[in-house]
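The values are calculated or read from the model by the stated rules, or taken from the named source; none is laboratory data. It should be emphasised that the depicted structure is a prediction, and the values quoted were computed from it without experimental measurement. When we count neighbours, we look across all protein chains shown, and the Cβ atoms used for this are built from the backbone with ideal geometry, even at glycine. The protein model used for the area step is the full one, side chains on, heavy atoms only, and it has no ligands, DNA or RNA in it. Shrake-Rupley method; radii C 1.70, N 1.55, O 1.52, S 1.80 Å.
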Amino acid sequence: MKSNLSLIVLVLVLSCNQNNKTKELQKPETIENFDWLTGKWKRLNEEAGKETFENWNKINPNEYSGIGFTIKNGDTINQEKIKLIKSNEKWALLVKTPDDKEPIKFKMLEQKTPTEFTCVNDSIDFPKRVQYWSEGGKLKAKVSNDKIQIPFEFEKIK
């Protein structure tokens, strides 16, 4: 009876130890869902006389597509196509203006929370960092380099 009890205790200890080793070998959890970006957004902190919008759609689990544009006096004065794409298990933000031949690629640096990420590209002057996050039902963003920061605050429309 005593040997049976010892055997059961030994099996339990070994199985618990094996579970801990399995957990240690697993990759850390990565955030794969950026659905909080989707929708039509209007910038709240824009200069008087201008209106800025971002519209985001989920294309598939590995791609989100957006367009950002600014209107002044009924004319579009600024526009950029934006994509958040997963390739080779890594996310990147691609930004293309009409003046760009190819999109500018920002590599995903970190995902602090399920609704916040930062992307970087140190090969250009501005912006070097693009950050998006959701806070209080609003979409917030910041583009920056070592000297300049431009904050964006959007509210969802329709």
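Residues in the range 115-134: is at least one under 30 Å from Gly49 (Cβ atoms), under 19 Å from the mean Cα position of the chain (by Cα) and touching a residue at least 60 places away in the same chain (Cβ under 8 Å)? Yes, some residue in the range 115-134 is under 30 Å from Gly49 (Cβ atoms), under 19 Å from the mean Cα position of the chain (by Cα) and touching a residue at least 60 places away in the same chain (Cβ under 8 Å).
Please go through the range 46-98 and give me each residue that is in contact with a Ser or Thr (Cβ under 6 Å, 6 or more places away or on another chain), open to solvent by less than 80 Å² (accessible area, probe 1.4 Å) and over 19 Å from Phe126 (Cα atoms), ordered by number. Matches in the range 46-98: Glu46, Lys50, Thr52, Trp56. Residue count for the range 101-123, restricted to those that are within 24 Å of Lys147 (Cβ to Cβ) and either hydrophobic (A, V, I, L, M, F, W, C) or at pLDDT 95 or above (or both): 14. Going through (1) of a type in the set (A, V, I, L, M, F, W, C); (2) modelled with pLDDT of 90 or more; (3) outside any strand (DSSP E or B) one by one, Cys16 falls short only on (2). Residues in the range 120-152 that are of a type in the set (D, E, K, R) and surrounded by fewer than 16 Cβ atoms within 10 Å (Cβ to Cβ): Asp122, Asp125, Glu135, Lys138, Asp146, Lys147.
Restricting attention to the range 32-46, the residues that are at pLDDT 95 or above and not in a strand (DSSP E or B) total 8.
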